[in-house]
1. Working only within the range 29-56, note down all residues that are buried (at least 17 other Cβ atoms within 10 Å of the Cβ) and of a type in the set (A, V, I, L, M).
2. Can Asp189 be described as more than 15 Å from the ligand (Cβ to nearest atom) and touching a residue at least 12 places away in the same chain (Cβ under 8 Å)?
3. Restricting attention to the range 58-76, report how many residues are open to solvent by 30 Å² or more (accessible area, probe 1.4 Å) and among the basic types (Lys, Arg).
4. I want to confirm something. Restricting to the range 194-217 and keeping residues that are part of a loop (DSSP other than H, G, I, E, B) and touching a strand residue (DSSP E or B) at 6+ places or on another chain (Cβ under 7 Å), which single residue is farthest from Ser7 (Cα to Cα)?
5. Please go through (1) open to solvent by less than 10 Å² (accessible area, probe 1.4 Å); (2) more than 13 Å from the ligand (Cβ to nearest atom); (3) part of a helix (DSSP H, G or I) for Val170 and return the number of the only condition it doesn't satisfy.
6. How about the range 145-167: which of its residues are outside any helix (DSSP H, G or I), more than 14 Å from Phe36 (Cα to Cα) and of a type in the set (A, V, I, L, M)?
7. What's the number of the condition Ile10 fails, among (1) closer than 21 Å to Pro123 by Cα; (2) open to solvent by 60 Å² or more (accessible area, probe 1.4 Å); (3) in contact (Cβ under 8 Å) with a residue 12 or more places away in the chain?
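The values are calculated or read from the model by the stated rules, or taken from the named source; none is laboratory data. Nothing here was measured: the structure is a model prediction, and the numbers come from that model. Note: ideal-geometry Cβ built from the backbone for every residue, glycine included; neighbour counts use all protein chains shown. Just so you know, the surface numbers come from the protein's heavy atoms only, side chains and all, with ligands and any DNA or RNA stripped out. Shrake-Rupley method; radii C 1.70, N 1.55, O 1.52, S 1.80 Å.
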Amino acid sequence: MSNLNSSTLIVEADPYEYQLHPDKCALLIIDMQRDFLEPGGFGEMLGNDVSLLQKTIAPNQRLLAARRTAGMMVLHTREGHRQDLRDLPPSKKIRGRSEKKIGDDGPKGRILVRGEDGHDIIPELYPIAGEPVIDKPGKGAFWATDLHAILQHAGIKQLVVTGVTTEVCVNTTVREANDRGYECLVPSDCVGSYFPEFHDVGLRMITAQRGIFGWVTDPAKILAALSSGAAS
Ligand code: C5J
């Protein structure tokens, strides 16, 4: 544990500085799952270039290591469904008209089904004891989950949101969090998309109109702020 205390850390960010309160801030890592990031998973099966998401692994590892060292709360999410698929909306199942669908057998087990290999978090960012894992059936991490209750009980008011994909589950979660009163900071290199243009626009949407949904920064700036806090 470091000596981070309740003092405010200033993180340079867009559209303006983010005032990070270490004791009220959690790192929320969205859907860094094998099916989205690894070759042969669901993402690649749909024709996506997974190397675009793999770029986010090292920056997330650096941030996660700093967070764990600082003793701040870390949570992970996984998108997926019950084994019996009763929480899978038929509209989501048939969307895309692809040959292989959610719940079908894939190279890493049944696609996006809880308990299957492909549904799990990549080894590089695997949760450690004490880090809640939120299983979510939708794109947003607040919908049909206990995330809000867990954060409220821990006194969390701020979220650093990372993971994949920028314009889908990260963006949806930031919007949901913003409506629930959380201040969200998104480190740009720690989020990724199969579509670079959607990544860029997804980040711009967050900071538009002087931060309509939150703040965006370079992860190095969060690391710098955390290490200045640890040193003080
Ligand atoms: C998607 C996600 N893109 N985690 N999931 O279906 O963004």
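1. Ile29, Ile30, Met32, Leu37, Met45, Val50, Leu52, Leu53
2. On the way: more than 15 Å from the ligand (Cβ to nearest atom): yes; touching a residue at least 12 places away in the same chain (Cβ under 8 Å): yes.
Yes, satisfied.
3. Filtering the range 58-76 for residues open to solvent by 30 Å² or more (accessible area, probe 1.4 Å) gives 58, 61-62, 65, 68-69, 71, 73.
Now restrict to residues that are among the basic types (Lys, Arg): 62, 68.
Number satisfying all stated conditions: 2.
4. Step one: of the range 194-217, the residues part of a loop (DSSP other than H, G, I, E, B) are 194-195, 212-214.
From what is left, the residues that are touching a strand residue (DSSP E or B) at 6+ places or on another chain (Cβ under 7 Å) are 213-214.
Working: Phe213: 24, Gly214: 21 Å.
Once the filter is applied, the top-ranked residue is Phe213.
5. Here Val170 clears every test but (2).
6. Kept after step one, since they are outside any helix (DSSP H, G or I), are these residues of the range 145-167: 145-146, 154-165.
Still in the running and more than 14 Å from Phe36 (Cα to Cα): 145-146, 154-162.
Residues satisfying the conditions are Ala154, Ile156, Leu159, Val160, Val161.
7. Against the list (1) closer than 21 Å to Pro123 by Cα; (2) open to solvent by 60 Å² or more (accessible area, probe 1.4 Å); (3) in contact (Cβ under 8 Å) with a residue 12 or more places away in the chain, Ile10 comes up short only on (1).
Conditions (1) part of a helix (DSSP H, G or I); (2) within 16 Å of the ligand (Cβ to nearest atom), marked per residue:
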{"position": "Ser7", "(1), (2)": "no, no"}
{"position": "Gly47", "(1), (2)": "no, yes"}
{"position": "Leu53", "(1), (2)": "yes, yes"}
{"position": "Arg62", "(1), (2)": "yes, no"}
{"position": "Arg68", "(1), (2)": "yes, no"}
{"position": "Gln83", "(1), (2)": "no, no"}
{"position": "Leu88", "(1), (2)": "no, yes"}
{"position": "Lys93", "(1), (2)": "yes, yes"}
